[in-house]
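Working notes, beginning with the structure itself.
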Amino acid sequence: MDISRHVQELQDQLVEATELGGEQASEIARRLTRSLDASLRMVIFEVLSEAAGEITAELAPGSVDVRLRGRDPEFVVTPPMSHDTTEPPAAQEPASSPDYTVDGRATRTTLRLPENLKAKAEAAAAREGLSVNTWLVRAVAIALADQTTIAPMPPTNSGTRFTGWVR
């Protein structure tokens with residue numbers, strides 16, 4: 001996605017807004033806009049990244065990632081994968097995809113993994129060309145989709161602490 005025209009449009013608008021201040025103000029604006037090029041691109045990239053995060057939350061277990069290629073962002077769409085095949089499923093209607101969010105927003109969670117499990121998750125994500133976060137979101141979504149097939153864990157009693165599944 002070429003964002004150069006959007007950056008140029010913002011720069012032109014800044015210069016145009018200063019024209020009433022005279023030639024000196026316009027020249028200062030032109031100089032400022034040249035130095036703002038990288039900052040404007042970064043702001044646009046951050047907006048696109050936030051949008052991709054919101055889309056991923058709605059698309060889970062699929063995902064949308066934004067990657068920087070040169071100076072321009074590029075979108076990578078990963079459709080949800082089926083359990084029994086490595087091929088992506090056929091396109092589904094948006095209404096049929098489950099909603100894994102409360103009010104449509106993603107939330108931040110800290111996850112502590114054993115080092116060997118973290119390394120395996122990173123390797124699996126790399127094999128699929130995904131970020132670890134996207135891979136983990138998909139894994140959780142797939143696990144939740146199959147939760148009816150998980151056999152309940154028998155409760156154990158260790159003094160005053162109980163563990164097990166609650167339904």
Residue satisfying all of: in the range 39-68; outside any helix (DSSP H, G or I) and free of Cβ contacts under 8 Å to residues at least 24 places away in the same chain; nearest to Val140 (Cα to Cα) among these: Val64
Residue selected from the range 93-127 under the condition closer than 24 Å to Glu74 by Cβ and modelled with pLDDT under 85, by the criterion surrounded by the fewest Cβ atoms within 10 Å (Cβ to Cβ): Pro94
Lone qualifier among Val66, Val77 - being in the same structural domain as Leu144 (by TED's automatic domain parsing), loosely packed, with under 14 Cβ neighbours inside 10 Å, β-branched (Val, Ile, Thr) and modelled with pLDDT of 85 or more: Val77
Leading residue by the ranking (nearest to Ser63 (Cα to Cα)) among those in the range 128-167 that are touching a Ser or Thr at 6+ places or on another chain (Cβ under 6 Å) and modelled with pLDDT under 80: Thr163
Residues of the range 16-40 satisfying the condition of being charged (D, E, K, R) and under 24 Å from Ile3 (Cβ atoms): Glu16, Arg30, Arg31, Arg34, Asp37
Selected residue [under 26 Å from Glu74 (Cβ atoms) and touching a strand residue (DSSP E or B) at 6+ places or on another chain (Cβ under 6 Å)] from Met1, Met42: Met1
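The values are calculated or read from the model by the stated rules, or taken from the named source; none is laboratory data. Just so it is clear, the model here is predicted, and its values are computed rather than measured. For neighbour counting, all protein chains shown are included, and Cβ atoms are generated from backbone atoms with ideal geometry for every residue, glycine included.
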